[in-house]
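As structure tokens, the structure follows; a few thoughts come after it.
Rule-based calculations on the coordinates, nothing more; no lab input. Everything numeric in this text was worked out from a predicted model, so none of it was measured. Here Cβ is always computed from backbone atoms with ideal geometry, including for glycine, and neighbour counts include all displayed protein chains.
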Amino acid sequence: MDLYGRLVHDVLFPGFEAARGRPTVGLMRDLDRTQWASADELHAIQSGLLRRLVRHAYHHTPWYKARLDERGLTPDDFRTPEDLHKLPLLERDHARGSIDARTSDAPPFAAVTKVTSGSTGQPMKVSYNAESRHWRDATRWRGYGWAGYRPGMKALHYWGFGLTVPDRKARWKMNLDRALNRNNYVDCTIRSDERLAEVVAEVRRFQPEIIVTYSQAGAYLARHVLRTGTRAWGEIPVIVGAERLLEHDRQAITAAFGPTFETYGSREFMLTAAECDAHDGMHESMETQITEIIVRNPDGTTRAARPGESGEVVITDLHNLAVPHLRYVNGDIAVQRPADRCACGRWLQRIGPIEGRTLENLRDAAGQPVGGTFFAVLFLYLVDHCLSYQVVQHADDHLTVRVVPIAGPGKLPAAQHQFIHDFCARYVPGLPVVVEELADIPPGPAGKRRLVVVEPRA
Ligand SMILES: [Zn+2]
């Protein structure tokens, strides 16, 4: 870090946070310490916070009072994270419909309310109290810190900013934030060659010490850099998130910029897990959330996923007392990891890779779900011919495989066309397939590229 960067890190950032009444810096110090805690200590931290949360939710929200009462439970039945299974899952539809019933009638009240863009196309309102917000900020800084990112560093944020324009006051605050923290924000929604060349020019001019980017956007940019031979910098660590990171994306980003650090989070809960420099899965934010990976049994009951097994991501937000979320099913699928110590020395539980959204399941000709992730394998075979792809299953079940050929629309070789048809015939037999060649894949909500889009059946 240069001298100005140190000034921001040591003086301006803590002062700015304190002036806004935020204890972020103190919490960051706490988290710096607890990241090295033993498995027993981490378990104790989660148990204590869970007891407080369940007690508060039971006494101050009609929703959780009813959930415990109808099962004959009291808050005393929840001593450790292992007791969480006694509570029902909070499915997304129930979460949307129960916000009033889950809102606490006692302080702390909500300090922040925001709407999630909802990759399902169904926006949802999320509110939380100030304490929750401070833990979220501190947790994000810790996770980013594992990639070497400290407040005060020159950071290029190559991110999607959606369609909402902040009002003037919010914009002023945002600009101040950006100037103080030396952040440079570049929208990643448009991914044409022309635009990518502009972004490369910006990287050269700005000389960031760290890049934070959507996974797919970063991979696009990296492949552009490699294709055009325009790398003109040393190692720049890259923090990726928001979209799926496939292995060949990671390789491209690492070759074009520097070591790649995956993060996993959401607008609902912020950072749920982040990768350390051992690059072997992502560590859960155990001091702020309880993350469960669960598998549904055929009889409707659930069980914890075994190490190596993938399951649905279920989150309990430990610091949001204003509108508690206990066992929220966020729609993602992730691989559970063993509860062992990472090569980095931390006991924080690991998960990953994230295997995509449950909604990315396609339907076969009989209406049975088929994991859409197999298209990632298809793309591995096409990586020399295509820049990107997207698969859309329409209401009448037929598939459109959209590809962006490197040589340009209409230039995908016949053999690759045939390969796509053969591949689909093998994995989703009986479905009509149309291959569409485009100059770019149209972005979804908040500029996120979705690899698989499934329209509801007619
Ligand atoms: Zn680690």
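If you wrap a convex hull around the Cα atoms of the stretch 361-454, how much volume per residue is inside, in Å³?
Per residue, the Cα convex hull of the stretch 361-454 comes to 91 Å³.
Could you list which residues have their amide H under 5 Å from that of E355, counting only those 5 or more apart in sequence or on another chain, with H placed in the peptide plane?
Close amide H contacts, sequence-distant or interchain: I333, A334, V335.
Determine the percent antiparallel among the DSSP beta bridges restricted to the stretch 361-454, to the nearest 5.
On the way: 9 of 17 bridges.
Within the stretch 361-454, antiparallel bridges account for around 55 percent of the total.
So how far, in whole Å, is the C-alpha centre of the stretch 23-93 from the one of the stretch 399-422?
Here the answer is 50 Å between Cα centres.
So, R0 is 45 Å and r is the distance between the beta-carbons of R341 and D422; what FRET efficiency does that work out to, to 0.05?
So the FRET efficiency works out to roughly 0.50.
Where does the charge balance sit around E247 when Lys and Arg score +1, Asp and Glu -1, over other residues with C-beta under 13 Å from its C-beta?
That sum, taken over residues with Cβ under 13 Å, equals -1.
When the helix-only estimate is applied to the chain (DSSP H runs of n ≥ 4, each -39,500 (n - 2.57), divided by the residue count), what is the mean residue ellipticity at 222 nm, nearest 500 deg cm²/dmol? It would help to have the intermediate numbers written out before the result.
On the way: 14 runs with 154 residues, N = 458.
The per-residue figure over the chain is -10000 deg cm²/dmol.
Using +1 at the C-beta of Lys and Arg and -1 at the C-beta of Asp and Glu, which of V383, A425, T400 has the Cα lying farthest in the positive direction of the dipole of the stretch 361-454?
About the Cα centre, the residue reaching furthest to the positive side is V383.
Using a simple spin-label model with points 7 Å from Cα along the Cα→Cβ vector, what separation in nm is obtained for K114 and T228?
3.1
Go through the stretch 192-197 residue by residue and turn each phi into a ³J(HN,Hα) via Karplus (6.51, -1.76, 1.60, θ = phi - 60°); whole Hz please, and just put x for glycine and proline.
Values per residue, Gly and Pro as x: 6, 4, 4, 5, 4, 5 Hz.
With a cut-off of 8 Å between alpha carbons and a minimum separation of six or more residues, what is the relative contact order of the stretch 3-358 in percent? Kindly include the intermediate steps, with their values, before the conclusion.
On the way: 657 pairs, mean separation 65.7, N = 356.
After rounding, I find 18 percent.
If each of E455 and R33 carries a label point 7 Å out from its Cα toward its Cβ, how far apart are those two points in nm?
Distance between the two pseudo-spin positions: 5.7 nm.
Which is the longest run of the chain containing none of the trypsin sites (Lys or Arg not before Pro) found in DSSP loop states (not H, G, I, E, B) with at most 10 other C-beta atoms within 10 Å?
Longest stretch, sites excluded: 21-410.
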